[in-house]
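Data first, discussion second: the structure below is written as structure tokens.
What follows is calculated from the coordinates using simple rules that are stated; it is not laboratory data. A quick note: this is a predicted structure, and the numbers were derived from the prediction, not measured. As a convention, Cβ positions derive from the backbone with ideal geometry for all residues, glycine included, and neighbour counts pool all protein chains shown.
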Amino acid sequence: MNETATLWWDAATESIRYIDQTLLPAEYTIIECRSIGRLATAIKRLEIRGAPALGVAGAYGVALAAVICRKKDPASFFEEVRRDADVLRSTRPTAINLAWGIDRVVTKMATAADVVSARSVAIAEAEEIAREDTACCHAIGECGAALLPDRCTVLTHCNAGALACSSWGTALGVIRSAVKGGKLVKVVACETRPLLQGARLTAWELARDDIAVTVITDSTAAHLMRRGDIDAVIVGADRITRDVVFNKIGTYMHAVCAHHHAIPFYVAAPLSTFDGKNSERDVTIEERGRDEVTTMGNRTFVPDAAEVKNFAFDATPMDLVTAVITEKGVFRPPIDIGALLSCRSAK
Ligand code: MRU
């Protein structure tokens, strides 16, 4: 099974390296990123995407900001790094991991004695976040695999795989761990309009690991559920509050359909995706550009006079969620997020 990292720190060139996800599956290209402006663009364009991967990108971004900052006195140094951190934080508002990864490195850096050690502290903390993310994905995989029957077909939406994390994946981590443990799992991947993370990325990852995958249009999902072709739905999450799960637009309709057909609907996510402070109404759902919906390649399909709505995420109420699979175990709603997060800080 493939364990390639999605993004990493390259010590020799003091840069962030990552797989450009906008080019897959046609091209596998590694980008070398040495500026905050370039990293912010990469996050906005979804060259790097997926909640846990955004957490790692934010963490490496702060490390990069520290490395390239030429200020010698600590006050001006931290001021500049914090400004860069704010630029990165503002790129995507819904996935909580981005701000979480940034804040964790900024906080750790503040404990350093001087500017030189602040740089190495930042790099070490970002590396630790990447390592922890991989470990969390494997633990999520183990916990979730136990929920699946020995032979089953699982529907997933968007890409909650290795590409969305440091490696292995959350929803796809569960599938990978189940297959590794000898279960026969077939995957139905919803294409995920408009940017096709399911068709391009999930199908690419699974095919690379020899896991059977069938791509469907998003609107085919209900039909397959009604025919009895789907045994479980597993998706990732961008933010989990006490009342809802935010995930890629389209997730909510799968949850409603799964509930109607009595199919288990699982959310796989690390504790870094939980938001103990906010509820649905406090969270901004990212809205993206019109072009993503109106054009494909060089062709435009929507008349200029028509309005377009392009929400990147939707919110699924907890009562439609069968269970949330985390690195600390499987939790069925209602979930006490405060208690769960205190088990993270007790680590
Ligand atoms: O807009 P994207 O591609 O960043 O959205 C990603 C998702 O919605 C994923 O399902 C989510 O981040 C979970 S990733 C393990």
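Average 1/r across all pairs of distinct alpha carbons in the range 132-233, invert it, and you get the Kirkwood radius: 13.3 Å. Note on the chain: GNM, Cα springs under 10 Å; of Leu196, Leu23, Leu98, the largest mean-square fluctuation is that of Leu23. Taking θ as phi - 60° and the Karplus parameters 6.51, -1.76 and 1.60, the scalar couplings of the range 337-343 work out to 5, x, 5, 5, 5, 6, 6 Hz in sequence order, x denoting glycine and proline. Amide H contacts for Thr94 (H built 1.01 Å from N in the peptide plane; partners 5 or more residues away or on another chain; cut-off under 5 Å): Glu286. Couplings 3J(HN,Hα) for the range 195-207, derived from phi with the Karplus relation 6.51 cos²θ - 1.76 cosθ + 1.60 (θ = phi - 60°), are 9, 6, 4, x, 5, 7, 9, 5, 5, 5, 4, 6, 4 Hz, where x marks Gly and Pro.
Could you work out the percent of alpha carbon pairs in the chain separated by over 38 Å, rounded to a whole number? Value for the chain (Cα pairs over 38 Å): 14 percent. Dividing the radius of gyration of the alpha carbons in the range 80-145 by their Kirkwood radius gives 1.07 for Rg/Rh. Ranked by the mean number of other Cβ atoms within 10 Å per residue, highest first, peptides 276-282, 79-85 order as 79-85, 276-282.
Under a Gaussian network description of the chain, with springs only between Cα atoms under 10 Å, the residue in Leu206, Leu147, Leu88 that fluctuates furthest is Leu147. The H on the amide N of Val245, modeled in the peptide plane, is under 5 Å from the matching H of Thr316, Met318, each at least 5 residues off or on a different chain. From largest to smallest, the equivalent ellipsoid semi-axes obtained for the range 1-62 from the alpha-carbon gyration tensor read 17, 14, 12 Å. Lys and Arg at +1, Asp and Glu at -1: add these up for the other residues within a Cβ distance under 14 Å of Thr202 and post the number. That sum, taken over residues with Cβ under 14 Å, equals +3. For the range 15-127, the calculated P(r) over all alpha carbon pairs, in 10 Å bins from 0 to the bin holding the longest distance, is 16, 49, 27, 7, 1 percent. Based on alpha carbons, the Rg and Dmax found for the range 207-293 are 15.1, 41 Å.
For the options Asp209, Asp20, Asp304, a Gaussian network treatment of the chain with springs between C-alpha atoms closer than 10 Å singles out Asp304 as fluctuating the most. For the range 258-347, the Kirkwood hydrodynamic radius from C-alpha pairs, put into Stokes-Einstein at 4 °C and a viscosity of 1.567 mPa s, yields a diffusion coefficient of 79 µm² per second.
Built from the Cα atoms of the range 243-288, the convex hull projects on average onto 4.1 nm², one quarter of its surface area. Annotation: peptides 140-146, 49-55, ranked by per-residue average of other Cβ atoms within 10 Å with the highest first, follow the order 49-55, 140-146.
Across the alpha-carbon set of the range 184-338, the Rg to Rh ratio works out to 0.98, Rh being the Kirkwood radius. With only Cα atoms counted, the range 35-75 has Rg and Dmax values of 11.8, 36 Å.
For Ile216, nonlocal amide neighbours, meaning residues 5 or more places apart or on other chains whose placed amide H falls under 5 Å from its own, are Ala189, Cys190, Glu191.
Dividing the Cα radius of gyration of the range 54-211 by 2.2 N^0.38 Å, with N the residue count, gives 1.25.
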